[in-house]
Amino acid sequence: MKSGEETVARARSLFDVVGVASDPSTNDTILILGLVSTPERDLDDFAPAGTKTILRGFARHAKDKEDALIEFIGEHGFAAELVGELGYPLHGEPNLKHLAVAAGVGKQGKNTLVIHPRFGPWLRFMVIRTDAPLAATGPGIYSKEENPYCEDCQECVQACPVGILLPYRLVDADSCLASISEGRRSELAICDKCVVVCPVGERKAP
Ligand code: B12
Ligand code: SF4
Ligand code: SF4
């Protein structure tokens with residue numbers, strides 16, 4: 001168990017937020033790692049489709065930390081691998097918002113994102129699958145009833161320029177101006193209005 005605690009401590013020295021959960025579809029132990037996206041560390045920087053990786057921000061600001069953690073776990077005799085490119089499963093599985101909430105990292109907000117008490121909606125997540133003996137950090141509850149932040153607020157719903165946000169629900173993902181799906185759009189139009197207006201956390205609108 002000691003190596004499990006050391007792994008989590010090492011992860012906490014590298015990332016802003018660390019959680020441990022079980023992937024419900026595979027039962028694998030998953031380390032869920034969160035970094036705050038800021039103007040200096042812009043994880044929301046996506047390259048145009050067709051570029052080697054569209055995850056330009058993750059390649060610049062997360063890769064070294066991920067490599068360091070995987071190396072550390074390997075040195076302790078356990079397997080560890082990134083899930084998806086740079087730990088970001090672009091095709092949707094596993095669902096990082098569900099895992100983050102299951103690991104107790106935050107609550108789902110009306111903008112559907114995971115809201116953290118200190119970092120608001122600015123955490124960007126990546127995941128490592130491992131056989132290291134890690135204790136789950138949850139439970140968290142993926143339920144609006146349990147979310148204290150959104151009770152008297154509608155900012156994100158009102159700010160969406162294409163009107164596709166209902167409380168806790170994105171009704172038309174194809175119309176989201178933050179669409180990052182390769183091939184669906186030739187240009188990436190980053191919007192993020194439902195993030196920028198959120199009053200929760202330290203980082204306010206730039
Ligand atoms: C595909 C995707 C998108 C698509 C579609 C999003 C969607 N909601 O469907 C598009 C391109 C539109 C998008 C946009 C954005 N995304 Co995005 N996206 C993803 C990705 C790759 C998969 C998500 C997915 O498949 N969703 C499918 C839907 C169906 O799942 P869901 O939204 O969780 O909904 C489930 C539940 O909420 C529930 N549910 C939904 N509605 C309702 C309603 C009721 C009544 C009930 C009971 C249940 C319920 O059922 C659903 C099925 O399980 C994840 C990474 C990952 N692998 O998880 C990042 C991810 C979710 N995105 C992220 C971000 C930051 C964004 C953007 C801000 C853009 C950006 N800067 O990157 C915008 C925000 C838009 C918004 N308000 O959600 C972050 C979220 C971080 C956080 N703090 O929560 C993630 C985790 C990426 C990361 N590496 O950090 N995204
Ligand atoms: S990113 Fe923009 S378009 Fe997409 S849901 Fe948020 S406010 Fe709406
Ligand atoms: S803007 Fe308001 S309603 Fe939307 S997620 Fe943030 S606190 Fe919740």
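Some values worked out for this structure:
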{"item": "Within the chain, helix-based [θ] at 222 nm, where runs of 4 or more DSSP H residues each add -39,500 (n - 2.57), nearest 500", "result": "-6000 deg cm²/dmol"}
{"item": "Cysteines (scope the chain) whose Cβ has no counterpart Cys Cβ under 4.7 Å", "result": "Cys150, Cys153, Cys160, Cys176, Cys191, Cys198"}
{"item": "Relative contact order (percent, whole number), the chain, Cα cutoff 8 Å, 6+ residue spacing", "result": "24 percent"}
{"item": "Euclidean distance between Cα centres, the stretch 14-78 to the stretch 97-140, Å", "result": "13 Å"}
{"item": "Spatially proximal aspartates and glutamates relative to Lys2 (Cα-Cα < 16 Å; intrachain offsets below 8 disregarded)", "result": "Glu75, Asp131"}
{"item": "Cβ crowding within 10 Å averaged over residues, with 153-160, 169-176, 15-22, 107-114 ranked highest first", "result": "107-114, 15-22, 153-160, 169-176"}
{"item": "Point-to-point label distance, Ala136-Glu202, nm (Cα→Cβ direction, 7 Å offset)", "result": "3.0 nm"}
{"item": "Residue-span extension gain [Lys2 to Lys52] - 0.36 nm each, minus C-alpha spacing", "result": "14.1 nm"}
{"item": "Using alpha-carbon coordinates, inclination of helix 63-75 to the longest axis of the chain, degrees", "result": "30 degrees"}
{"item": "Efficiency of FRET from Cβ geometry, Leu170 and Asp28, R₀ 30 Å, rounded to 0.05", "result": "0.65"}
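FYI, it's all coordinate maths here, none of it is from the lab. Owing to the predicted nature of the structure, the values given are computational and were not obtained by experimental measurement. So basically every Cβ, Gly included, is an ideal-geometry build from the backbone, and we count neighbours across all protein chains shown.
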